[in-house]
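Engineer: This is the structure I want to talk about, given as structure tokens.
The values are calculated or read from the model by the stated rules, or taken from the named source; none is laboratory data. These numbers come from a predicted model, not from an experiment. Heads up, the Cβs are rebuilt from the backbone with ideal geometry, glycines too, and the neighbour counts pull from every protein chain shown. We work out accessible area using only protein heavy atoms, side chains counted, and drop any ligands, DNA or RNA first. Shrake-Rupley method; radii C 1.70, N 1.55, O 1.52, S 1.80 Å.
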Amino acid sequence: MSVLLATSTDEAVSALADADAQALAGGTDFMVEVNDGHRRPKAVVALGGIAALRGWERSDDWVRLGAALTYTEMLDRDLAGLLPALAQAARTVGSPQIRNAGTIGGNLATASPAGDTLPVLAALDAVVEVAGPDGVRDVPVAAFVTGPKRNALRPGELIVAVRLPVLRGHQEYRKVGVRNAMVIAVASLALAVDTDGRTVRCALGSVGPVPLRATEAESWLAGCVDWDRLALPDPACLAVFADLVAQAARPIDDHRSTAAYRRHAVGVLAGRAAAQAFGGAAA
Ligand SMILES: Cc1cc2nc3c(=O)[nH]c(=O)nc-3n(C[C@H](O)[C@H](O)[C@H](O)COP(=O)(O)OP(=O)(O)OC[C@H]3O[C@@H](n4cnc5c(N)ncnc54)[C@H](O)[C@@H]3O)c2cc1C
């Protein structure tokens, strides 16, 4: 196996033009597959030396995250202040070792239905910046994750960054698993309130082949909110919201859980997240 330690995006793109070459970031998904014998790359393009993929920056109402941003870096106080749900999601990932190595680009490219950043990116309508032999293109996250462990990258393409809007309003990420730490989500949910646009965004993880937006539930809740007080005049709205979110799920039975439990759990997460955002007591 050959290993290229790329130092620029152009160098990585050019090396990935070789059909046998595969990108390596933190290795927390990649090396598990290699060690299990499910992956036998002939050539590896290591991205860790590409400065342009690291760090984050804010410009106007957007934050741009380099593809090599780690979970630990997502917990940076300034970044967490701008993207609190992403920081909450990052905090739930793996162990400190995994959070130090694993990257947002790797989570996106792996496109696991249980990927913890994906519901947050879906709720915020993130844009994925991709570089390839034909130049750079933007892909909305909803079009980027095309199925379980499938993404929209074309041969030779690389994720370079993810752009997210900075919204005013409550944000949170919630996750259910078999224990509180080091756990793959059985159901997860990201909620983001946009007080300027008077909208609510809600995306679900681990309850469908891709992250799902609960659009009917979003509109229902936004219509219930007293936006001047940021409160729910009718607490019964919470239960309806939870039910609409549960209906939006497309869960399956698998080794981690049943479809019925997943649907129930994501509804409970929705009621609790909305209660946190607007007050009231969830069931
Ligand atoms: C013990 C353990 C616990 C874990 N816990 C969680 C968890 O709680 N939640 C969770 O969501 N995940 C979890 N994971 C999975 C993993 O840590 C994440 O998916 C992580 O974000 C992968 O990032 P990486 O940088 O390590 O990617 P890598 O393993 O380096 O790569 C993963 C895939 O992405 C591709 N890739 C990487 N970067 C790019 C890029 N810039 N452009 C194009 N393709 C790219 C690689 O070719 C590969 O196919 C866990 C893994 C382990 C081993």
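Engineer: What residue, among those in the stretch 248-262 that are in contact with a helix residue (DSSP H, G or I) (Cβ under 8 Å, 6 or more places away or on another chain) and free of Cβ contacts under 8 Å to residues at least 40 places away in the same chain, is nearest to Gly223 (Cα to Cα)?
Structural biologist: So, considering only residues that are in contact with a helix residue (DSSP H, G or I) (Cβ under 8 Å, 6 or more places away or on another chain) and free of Cβ contacts under 8 Å to residues at least 40 places away in the same chain, the one nearest to Gly223 (Cα to Cα) is Ile252.
Engineer: Given the conditions (1) touching a residue at least 60 places away in the same chain (Cβ under 8 Å); (2) within 13 Å of the ligand (Cβ to nearest atom); (3) hydrophobic (A, V, I, L, M, F, W, C), and given that Ala142 satisfies all but one, which numbered condition is not satisfied?
Structural biologist: That leaves (2) as the condition not met.
Engineer: Then there's this: Give the residues of the stretch 1-55 that are under 15 Å from Glu157 (Cβ atoms) and away from the ligand (no atom under 13 Å from the Cβ), sorted by residue number.
Structural biologist: Within the stretch 1-55, Asp10, Glu11, Ser14, Ala17, Asp18, Ala19 qualify.
Engineer: Could you say whether any residue in the stretch 105-114 is open to solvent by less than 10 Å² (accessible area, probe 1.4 Å) and either at pLDDT below 95 or more than 10 Å from the ligand (Cβ to nearest atom) (or both)?
Structural biologist: Within the stretch 105-114, none of the residues are open to solvent by less than 10 Å² (accessible area, probe 1.4 Å) and either at pLDDT below 95 or more than 10 Å from the ligand (Cβ to nearest atom) (or both).
Engineer: Which members of the stretch 42-59 meet the condition of being open to solvent by less than 50 Å² (accessible area, probe 1.4 Å), without any contact (Cβ under 8 Å) to a residue 60 or more places away in the chain and under 18 Å from Ala101 (Cβ atoms)?
Structural biologist: Passing the criteria: Val44, Val45, Ala46, Gly49, Ile50, Gly55.
Engineer: Continuing with this model, one more query. Select from the stretch 168-177 the residues that are away from the ligand (no atom under 12 Å from the Cβ) and either β-branched (Val, Ile, Thr) or open to solvent by 30 Å² or more (accessible area, probe 1.4 Å) (or both) and list them in ascending order.
Structural biologist: Arg168, Gly169, His170, Arg174, Val176
Engineer: Still on this structure: Restricting to the stretch 1-33, and then to whatever is closer than 24 Å to Thr72 by Cα and more than 24 Å from the chain's Cα centre (by Cα), can you tell me which residue is least open to solvent (accessible area, probe 1.4 Å)?
Structural biologist: In this case the residue turns out to be Ala6.
Engineer: Among the residues of the stretch 238-247, is any outside any helix (DSSP H, G or I), touching a helix residue (DSSP H, G or I) at 6+ places or on another chain (Cβ under 9 Å) and surrounded by 14 or more Cβ atoms within 10 Å (Cβ to Cβ)?
Structural biologist: The answer is no, given that none of the residues of the stretch 238-247 is outside any helix (DSSP H, G or I), touching a helix residue (DSSP H, G or I) at 6+ places or on another chain (Cβ under 9 Å) and surrounded by 14 or more Cβ atoms within 10 Å (Cβ to Cβ).
Engineer: Okay, moving on. For the stretch 218-237, give me each residue that is open to solvent by less than 70 Å² (accessible area, probe 1.4 Å) and in contact with a strand residue (DSSP E or B) (Cβ under 6 Å, 6 or more places away or on another chain).
Structural biologist: Glu218, Leu221, Ala222
Engineer: Related question: When you scan the stretch 233-283, how many residues do you find that are charged (D, E, K, R) and within 15 Å of Gly208 (Cβ to Cβ)?
Structural biologist: 6
Engineer: Working only within the stretch 185-216, note down all residues that are open to solvent by 10 Å² or more (accessible area, probe 1.4 Å), in contact with a strand residue (DSSP E or B) (Cβ under 9 Å, 6 or more places away or on another chain) and not polar (S, T, N, Q).
Structural biologist: Listed by number, the residues that qualify are Asp194, Arg201, Pro209, Val210, Pro211, Leu212, Arg213.
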